[in-house]
Amino acid sequence: MLTISGVVRSFYGVAALRGVDLSIARGTITGLIGPNGAGKSTLFNVVSGLYAPNIGSIKFDGQEITGRQPDDIVRRGLIRTFQLARGFPKLSVFQHLMLYGPAQPGEGLWDALTSSRRSREREEQLSEKAWQIAKRLRLDPVIDNPVTALSGGQKKLVEIGRALMADPRMILLDEPMAGVNPTLTAQIGEHLVSLNKSGITICLIEHDMALIRDLCDPVIVMADGKTLTAGRFDDVVADSRVQEAYLGRRH
Ligand code: ADP
Ligand code: MG
């Protein structure tokens, strides 16, 4: 579903990605792990079009997406989760979901606010979709609450909900459980499994190794801006190169 070949990306002359090669198979929940600074988040930023790679190729579903704009990549069905918009703390869960009106260019909140018939129909469709997604993520009881009133875990679910508004075929999740209590972490994990069963390919960056073990197969390990290895969880954590990468960083 996603093939990354020889991707290099530097910032101010320092390479954060030094030739990344990896592929992610359709239908999987693939884990992406590695010590801090390995380049995992940067890789998501490059794949999602936020940064162009200096060198290399990224193919999504057989099509070259290297250097494409983020909204183009979203429209193709590949989306990463975003941190909740910090600028809009008073917006409700429903409004946050509606903000994400991505399917056609030029459509979104602005069109939803104008009164042409087409826009009104579109708004109704988006609204129906927002409700369905809220129900699917069990956010419907809090759908009219401002996001600031939500628990950390519910905020993470809103981020996932916003991604779902774009009808993704693949989602990139950067630490969706960070700072969330164990009960909600387990619930988010269950939602990810259920989204995956509905046909969405998932790539998950996560520090919690127990979660990676329970949710992900295969697991890809990055270190120092490159892919170190990939395989079943038990095999990659038993790999001495992986252990060294984690230890080397700690000292
Ligand atoms: P990880 O997510 O694996 O912890 P990151 O991708 O966040 O690692 O970081 C990899 C390296 O890239 C780090 O050294 C980081 O400082 C650098 N980096 C990432 N984004 C930028 C940026 N926008 N400007 C400068 N350096 C960056
Ligand atoms: Mg990161």
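The values are calculated or read from the model by the stated rules, or taken from the named source; none is laboratory data. Quick caveat: nothing in here was measured; it's all calculated off a predicted structure. Cβ: placed from backbone, ideal geometry, glycine included. Neighbour counts: every protein chain shown. We work out accessible area using only protein heavy atoms, side chains counted, and drop any ligands, DNA or RNA first. Shrake-Rupley method; radii C 1.70, N 1.55, O 1.52, S 1.80 Å.
Residue-wise test of (1) in contact with a Phe, Trp or Tyr (Cβ under 9 Å, 6 or more places away or on another chain); (2) open to solvent by less than 20 Å² (accessible area, probe 1.4 Å); (3) part of a strand (DSSP E or B); (4) more than 18 Å from Ile73 (Cα to Cα).
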site	(1), (2), (3), (4)
Ser5	no, no, yes, no
Val8	no, no, yes, yes
Leu17	no, yes, yes, yes
Ser23	no, no, yes, no
Gly31	yes, yes, yes, yes
Gly37	no, no, no, yes
Ser41	no, no, no, no
Val46	no, yes, no, no
Leu50	yes, no, no, no
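Listed by first and then second residue, the pairs with beta-carbon distance under 8 Å, at least 6 apart or on different chains, first residue in segment 208-219 and within 17 Å of Gly27 (Cα to Cα), second open to solvent by 40 Å² or more (accessible area, probe 1.4 Å) and among the β-branched types (Val, Ile, Thr), are Leu215/Val193. Residue-level check: of (1) crowded, with 20+ Cβ neighbours inside 10 Å; (2) more than 16 Å from ligand 1 (Cβ to nearest atom), Leu173 misses just (2). Considering segment 50-74, and only residues there that are of a type outside the set (D, E, K, R) and touching a Pro at 6+ places or on another chain (Cβ under 9 Å), the residue that is nearest to Gly19 (Cα to Cα) turns out to be Thr66. Looking across segment 222-251, the residues that are within 24 Å of Ser10 (Cα to Cα) and part of a loop (DSSP other than H, G, I, E, B) come down to Asp224, Gly225.
Kindly indicate which of Leu150, Leu137, Leu99, Leu126 is aliphatic (A, V, I, L, M) and either at pLDDT below 85 or open to solvent by 30 Å² or more (accessible area, probe 1.4 Å) (or both). The conditions single out Leu99. For segment 187-210, a residue qualifies if it is open to solvent by less than 50 Å² (accessible area, probe 1.4 Å) and more than 16 Å from the chain's Cα centre (by Cα), and exactly one does: Ala210.
Within segment 1-48, how many residues turn out to be of a type outside the set (Lys, Arg) and more than 23 Å from Asp71 (Cβ to Cβ)?
Taking segment 1-48 as the starting set, the residues that turn out to be of a type outside the set (Lys, Arg) are 1-8, 10-17, 19-25, 27-39, 41-48.
Cutting the leftovers down to more than 23 Å from Asp71 (Cβ to Cβ) gives us 5-6, 8, 10-16, 19-23, 25, 27-39.
The number of residues fulfilling the criteria is 29.
Of all the listed residues (Ile33, Ile4), the sole one being β-branched (Val, Ile, Thr) and away from ligand 2 (no atom under 16 Å from the Cβ) is Ile4.
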